[in-house]
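**Q** Structure incoming, see below.
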Amino acid sequence: MPLGWWWQRYRKFFQLALAVILLITAISLFNREKDRLFLPETALRSALAPVQGFVQGVSDRFKGMLAGIVELQELREENQRLREELERREFVYSLLLEVRAENTRLLKLINFKETIPQYDTLAARIIAREPGNWYNTVTINKGTRDGVQVNMPVITHGGLVGRVSSVTSRQAEVLLLLDQRSAVGGMLQRTRETGIVRGFAGEEETLRMIYLPRDAEVQIGDNVVTSGLGGIFPKGLLIGTVAEVKTEEYGLAQYAVIEAAADFEHLEEVLVILSSQDEGAAGGEAGEEPEE
C-alpha cells in the first residue's frame, strides 16, 4: 500500500505519539538542575507545570494501584494461611478436650476401683450400643482372652450397669439393667427389705423394684443395693434410689420406681467384676428371679 494511505489512516496516532515524545523530552530537559534559567525556559516550565503535575499524578496513582493490588494479594494469602492455622488449632483443641474428658472419666473409674479391693475388676470400653424399645445392650472391647465370662457383673463408678450376656474372644455383650429381660435381686439399704429389680425399657418407668410386701417401709430417696441372692451379683452394689412408691393393681403388694445410679445415657467405660471375695457372690441361693 502507498505511504500516503498509511499516513492518512494513522496520522492522528503518529501525531499523538510524536507530541508525547516531545513532551517527555522537554520535561526531562527542563527538570535538570541548572544554576541559571533563561526567560524562555522559565516560561516553558511554567506552561508545562500543570501537564507535568497531571502526568506525575497519573503515574503516582498507577503506582499506588499496583501496590494496592500486590498488598491485597498478600493479605488474601495471609488470610488463607491464618484460616488454615485456626482450623488446625481448633482440631487439636477438640482432640485435647476429648482426651481431657476421657482422662477425667478414667480417673473416676480408677478411684472407684481402689474403693472396692474385694473385687478383681477389668476396665473395658464400650464400642457399640443397640438400644431398642424392649432391649438394651452394649458391646465392650474385652472377651474371653481377657478373662471375661457370661454372667459376670458390669459396673461403673456410679453403680450397677448389668451383666455379661454373651462373649467372644475379643468382645462381650452386656445386658443392661434397663432391659426387660433383666432381673436383679435388690434390697432396701435402710430397712433390709428385699425384692426384685426389673428393667422396663420402652416404658415411662424404666426400672422398678417389685414384690415388696404391702407393709414394707419404703421412702423416697432410699438406696437400693444388690441383695447377693441368686449367685450372679455380689451383695451391696448400688442399683439406684427410690423415686416413687406405688401399690400393685390388686393392692396385695407395692413396688418402687427406681432412679438408676449409673448414667446409662453416657456410658463409655465400665468395670467387669471377674471375681469377688464376697461369699455371697458365689452362694447360689434362690431369690433372684430367673432371667428369660
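All of the numbers you see were taken from the coordinates with simple rules; none came from a lab. Quick caveat, the model's predicted, so the values are computed rather than measured. Note: ideal-geometry Cβ built from the backbone for every residue, glycine included; neighbour counts use all protein chains shown.
**Q** Describe numerically, in nm with one decimal, the distance between label points set 7 Å from Cα along Cα→Cβ at residue 78 and at residue 189.
**A** 6.3 nm
**Q** In which sequence would 266, 157 go, from the one with the fewest C-beta neighbours within 10 Å to the one with the most?
**A** Ascending number of Cβ neighbours within 10 Å: 266, 157.
**Q** Okay, moving on. What residue among 253, 230, 180 has its Cα farthest toward the positive end of the dipole of region 119-282, where the charges are +1 on Lys, Arg and -1 on Asp, Glu, each on the Cβ?
**A** Going by the Cα projections, it comes out as 230.
**Q** For region 179-285, which GluC sites (Glu not before Pro) are both in a DSSP coil and crowded by at most 15 other Cβ atoms within 10 Å?
**A** 203, 204, 205, 217, 248, 249, 268, 285
**Q** Right, another one. Can you tell me the Rg and the Dmax, both Å, for the Cα atoms in region 119-282?
**A** 15.5, 50
**Q** Per residue of region 168-177, what does 6.51 cos²θ - 1.76 cosθ + 1.60 with θ = phi - 60° give for ³J(HN,Hα)? Whole Hz please, x for Gly and Pro, Karplus curve as stated.
**A** My calculation for region 168-177 gives 10, 5, 10, 9, 8, 9, 10, 7, 6, 4 Hz in order.
**Q** Would you work out the relative contact order for region 119-282, in percent, from Cα pairs under 8 angstrom that are 6 or more residues apart?
**A** Relative contact order, region 119-282: 25 percent.
**Q** Moving on. Please arrange 152, 209 by counting, for each residue, the other beta carbons lying within 10 Å of its beta carbon, fewest first.
**A** 152, 209
**Q** By count of other Cβ within 10 Å, fewest leading, how are 215, 179, 120 ordered?
**A** Going from sparsest to densest Cβ surroundings: 215, 120, 179.
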